[in-house]
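Enquirer: One structure, as structure tokens, below. Some questions next.
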């Protein structure tokens, strides 16, 4: 029996590709936004130069001024290794965001990122599987204040992350030879005890989303581009 994973006419063997990921994506370009969540992904299996190891990862979630077809503000994310080593991408990202590098020995409280405004440079990239995704290519200080709309759901985001991790773990079980198959839970995030949906607090005090497509922006004379981290 021929099983392609796509819809097929068995008599003529005419195949039709079904792309379940064909949903509207955030437009590329330069966008003003604000951080609405910092998610601890826990220990994640990562492969580098042919070696697999567990590395602690985190995800930064941003809400932009873009208004989607559903009337909600755009959401974009970026994953990082949870490290502020001078060569770590997270250290460089935070340094560009606030306009000064992370100094050796400096501690950065990531909870202070919540609600902080920024300028994001976005592009569309293609994964190895051929799917298009939105990439955060650069960050810098904001040029105006963007207030989170309050529509972002941190619990729903964490649920999706758990589902993706379970799917990846199942795929790894099938693909790997029996002697090298990882534990069914090996690819699942291992959250730190303190990991909580920390975005809930700033979202709770944010104004309700307007029926207008105009994003909530503070007056220019009330905006300070400096961040608190």
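The values are calculated or read from the model by the stated rules, or taken from the named source; none is laboratory data. What you are looking at is a predicted structure, and each value in this text was computed from that prediction instead of being measured. Methodologically, a virtual Cβ is constructed for each residue, glycine included, from the backbone with ideal geometry; neighbour enumeration extends over all protein chains shown.
Enquirer: Given (1) more than 13 Å from the chain's Cα centre (by Cα); (2) crowded, with 19+ Cβ neighbours inside 10 Å, where does residue 54 come up short, assuming only one miss?
Expert: Here residue 54 meets the rest and fails (2).
Enquirer: Does residue 91 fit the bill of being at negative phi and assigned to a helix (DSSP H, G or I)? Spell out how you get there, then give the answer.
Expert: Details: at negative phi: yes; assigned to a helix (DSSP H, G or I): yes.
Against the criterion (at negative phi and assigned to a helix (DSSP H, G or I)), residue 91 qualifies.
Enquirer: Let me confirm something: among 142, 171, 156, which residue is out of contact with any strand residue (DSSP E or B) (no Cβ under 9 Å at 6 or more places or on another chain), at pLDDT 95 or above and within 27 Å of residue 89 (Cβ to Cβ)?
Expert: Numbers: 142 fails: out of contact with any strand residue (DSSP E or B) (no Cβ under 9 Å at 6 or more places or on another chain); 171 fails: at pLDDT 95 or above.
Being out of contact with any strand residue (DSSP E or B) (no Cβ under 9 Å at 6 or more places or on another chain), at pLDDT 95 or above and within 27 Å of residue 89 (Cβ to Cβ) holds for just one of 142, 171, 156, which is 156.
Enquirer: Being under 25 Å from residue 154 (Cβ atoms) and without any contact (Cβ under 8 Å) to a residue 24 or more places away in the chain is the filter here; which residues of region 84-126 pass it?
Expert: Listed by number, the residues that qualify are 88, 89, 91, 107.
Enquirer: Can residue 93 be described as surrounded by fewer than 19 Cβ atoms within 10 Å (Cβ to Cβ) and within 18 Å of the chain's Cα centre (by Cα)?
Expert: On the way: surrounded by fewer than 19 Cβ atoms within 10 Å (Cβ to Cβ): yes; within 18 Å of the chain's Cα centre (by Cα): yes.
Yes, satisfied.
Enquirer: Here's something else I'd like to know. For region 1-47, how many residues meet the condition of being surrounded by fewer than 10 Cβ atoms within 10 Å (Cβ to Cβ) and either assigned to a loop (DSSP other than H, G, I, E, B) or at pLDDT below 50 (or both)?
Expert: Of region 1-47, the ones surrounded by fewer than 10 Cβ atoms within 10 Å (Cβ to Cβ) are 1-3, 5, 9-14, 16-20, 22-24, 47.
Checking which are either assigned to a loop (DSSP other than H, G, I, E, B) or at pLDDT below 50 (or both) leaves us with 1-3, 5, 9-13, 17-20, 22-24.
Count: 16.
Enquirer: Can you say whether residue 102 is more than 23 Å from residue 146 (Cα to Cα), in contact with a helix residue (DSSP H, G or I) (Cβ under 9 Å, 6 or more places away or on another chain), crowded, with 18+ Cβ neighbours inside 10 Å and at pLDDT 95 or above, as far as the supplied structure shows?
Expert: Details: more than 23 Å from residue 146 (Cα to Cα): yes; in contact with a helix residue (DSSP H, G or I) (Cβ under 9 Å, 6 or more places away or on another chain): yes; crowded, with 18+ Cβ neighbours inside 10 Å: yes; at pLDDT 95 or above: yes.
Judged against the criteria, residue 102 is a match.
Enquirer: Criterion first (more than 14 Å from the chain's Cα centre (by Cα) and either in a strand (DSSP E or B) or touching a residue at least 12 places away in the same chain (Cβ under 8 Å) (or both)) does residue 142 satisfy it?
Expert: Working: more than 14 Å from the chain's Cα centre (by Cα): yes; either in a strand (DSSP E or B) or touching a residue at least 12 places away in the same chain (Cβ under 8 Å) (or both): yes.
Criteria met by residue 142.
Enquirer: Oh, and also: Do the conditions hold for residue 115, that is, is it out of contact with any strand residue (DSSP E or B) (no Cβ under 7 Å at 6 or more places or on another chain) and closer than 29 Å to residue 66 by Cα?
Expert: On the way: out of contact with any strand residue (DSSP E or B) (no Cβ under 7 Å at 6 or more places or on another chain): no; closer than 29 Å to residue 66 by Cα: yes.
Judged against the criteria, residue 115 is not a match.
Enquirer: Of all residues being in contact (Cβ under 8 Å) with a residue 60 or more places away in the chain and in contact with a strand residue (DSSP E or B) (Cβ under 8 Å, 6 or more places away or on another chain) in region 63-83, which is surrounded by the fewest Cβ atoms within 10 Å (Cβ to Cβ)? Just the residue, please.
Expert: Here the answer is 67.
Enquirer: From the set of residues in region 117-144 that are out of contact with any helix residue (DSSP H, G or I) (no Cβ under 7 Å at 6 or more places or on another chain) and more than 20 Å from residue 80 (Cα to Cα), which is surrounded by the fewest Cβ atoms within 10 Å (Cβ to Cβ)?
Expert: In this case the residue turns out to be 129.
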